[in-house]
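The values are calculated or read from the model by the stated rules, or taken from the named source; none is laboratory data. Since this is a predicted model, take the numbers as computed values, not measurements. Positions of Cβ are generated from backbone atoms using ideal geometry, with glycine treated the same way; all protein chains shown enter the neighbour counts. Note: areas computed on protein heavy atoms with side chains; ligands, DNA, RNA excluded. Shrake-Rupley method; radii C 1.70, N 1.55, O 1.52, S 1.80 Å.
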Amino acid sequence: MTARTDVVRVVRISAEPLSRAAHEDAVDHPRAGARVVFCGVVRETDHGREVVSLEYVGHPSAESVLNEIAAEFAAAPDVLALAVSHRIGTLAVGDVALVAAVATEHRRAGFELCARLVDEVKHRLPIWKRQVFADGTDEWVNCP
């Protein structure tokens, strides 16, 4: 499949806060019957341990990889528009770490595509997470 460049609206690795609303607005499309937005948010606990903050560290190729993923999904015929961004840097509980948005004609396709997009980003994107806990310990997650 060939990527349709007009479909990919936002692809960004950012040290600045991410806006759910901006991603949803970016995928506005007159044929869309569904706009599905996912926000991955820093939660206050992980496996029963209190989380103070997360630090995301990205490889220099992260934005290129994210562009590749977006292009692959944009090639799907059901996708009318797509936007995806991931934070880097230190985030507090409640901060948005990942936003993915898709527009499709029908809701089922929108939910399925957005879920697959998030899974693919989490699987392939070279960004690693360091969790800092209230007891002063830390842990790296999904780090090679």
Failed item, numbered, when E55 is tested on (1) part of a strand (DSSP E or B); (2) over 16 Å from the mean Cα position of the chain (by Cα): (2)
From (1) within 23 Å of D138 (Cα to Cα); (2) touching a residue at least 24 places away in the same chain (Cβ under 8 Å), pick out the condition that doesn't hold for T45. (2)
Given (1) at pLDDT 95 or above; (2) open to solvent by 30 Å² or more (accessible area, probe 1.4 Å); (3) farther than 27 Å from A74 by Cα, number of the condition Q131 does not satisfy: (2)
Can you find, within the range 72-97, the residue that is surrounded by the fewest Cβ atoms within 10 Å (Cβ to Cβ) among those that are in contact with a strand residue (DSSP E or B) (Cβ under 8 Å, 6 or more places away or on another chain) and under 16 Å from H123 (Cα atoms)? A97
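Check the range 33-47 and report whether any residue there is among the aromatic types (F, W, Y), outside any strand (DSSP E or B) and surrounded by 14 or more Cβ atoms within 10 Å (Cβ to Cβ).
No, that holds for no residue.
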Within the range 108-121, how many residues turn out to be under 21 Å from L91 (Cβ atoms) and without any contact (Cβ under 8 Å) to a residue 24 or more places away in the chain? 1
